[in-house]
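Bear in mind that the values in this text are calculations on the coordinates, not laboratory data. Predicted, not measured: the structure shown is a model, and the values here were computed from it.
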Amino acid sequence: MNRHSKTYLILATVVALLAICVAVWALFFRAPETPTDPEISPVADEHLTPTDDGDDEKMPQAEGGGAVNITYSNEVTISLADATAAVQITNPTRSNQSMLIQLMIQDVKVGQSGTIPPGNQLTVIPLNEAVKLKPGNYDGMFHLLFFDTETNEQASLETNIPVQITAME
């Protein structure tokens with residue numbers, strides 16, 4: 001074997017090893033992509049119940065803006081057996097925006113609702129099956145995203161509400 005053949009063989013081997021290393025890293029060690037927030041509101045949540053607040057007058061809002069009046073409980077109970085979170089959150093009829101709730105624990109989205117239009121309340125959020133929780137108490141938050149009720153486009157404002165989460169079997 002001449003000198004050029006040996007150099008070529010060594011170079012080809014190094015390139016092949018680098019390709020294998022990159023493939024192994026991409027398959028096993030790369031952090032999963034975090035899901036992005038929806039820009040268009042998803043389908044209405046299946047666990048909605050209409051509110052009977054009797055107030056059909058909408059809140060005042062600036063042109064191009066929105067207004068939401070939220071009623072909620074800051075205590076959440078997670079049933080690990082049912083993979084659901086029991087919540088109490090209402091988007092009153094007076095609101096001008098629909099909303100979507102993401103249940104967060106330490107910057108991890110453990111569950112997400114569908115859209116909650118004005119005049120509806122939500123009592124159940126399904127849990128993300130990929131997230132594994134143990135029984136116990138957690139500091140969490142509701143991350144609220146708001147959407148225009150006519151165009152379904154996401155509003156620029158988002159809100160975080162601290163909640164106490166209790167996970168049980």
In sequence order, calculated HN-Hα J values of region 5-18 (Karplus, 6.51, -1.76, 1.60; Hz; x Gly/Pro): 5, 5, 4, 4, 5, 5, 4, 5, 5, 5, 4, 5, 5, 4
Residue by residue through region 81-97, what is 3J(HN,Hα) from phi via Karplus (6.51 cos²θ - 1.76 cosθ + 1.60, θ = phi - 60°)? Round to whole Hz and write x for glycine and proline. 5, 8, 6, 9, 10, 8, 10, 9, 9, 10, 10, x, 4, 5, 5, 9, 10
The answer for THR84, listing residues at least 5 apart or on another chain whose modeled amide H is closer than 5 Å to its amide H, is SER79, LEU127
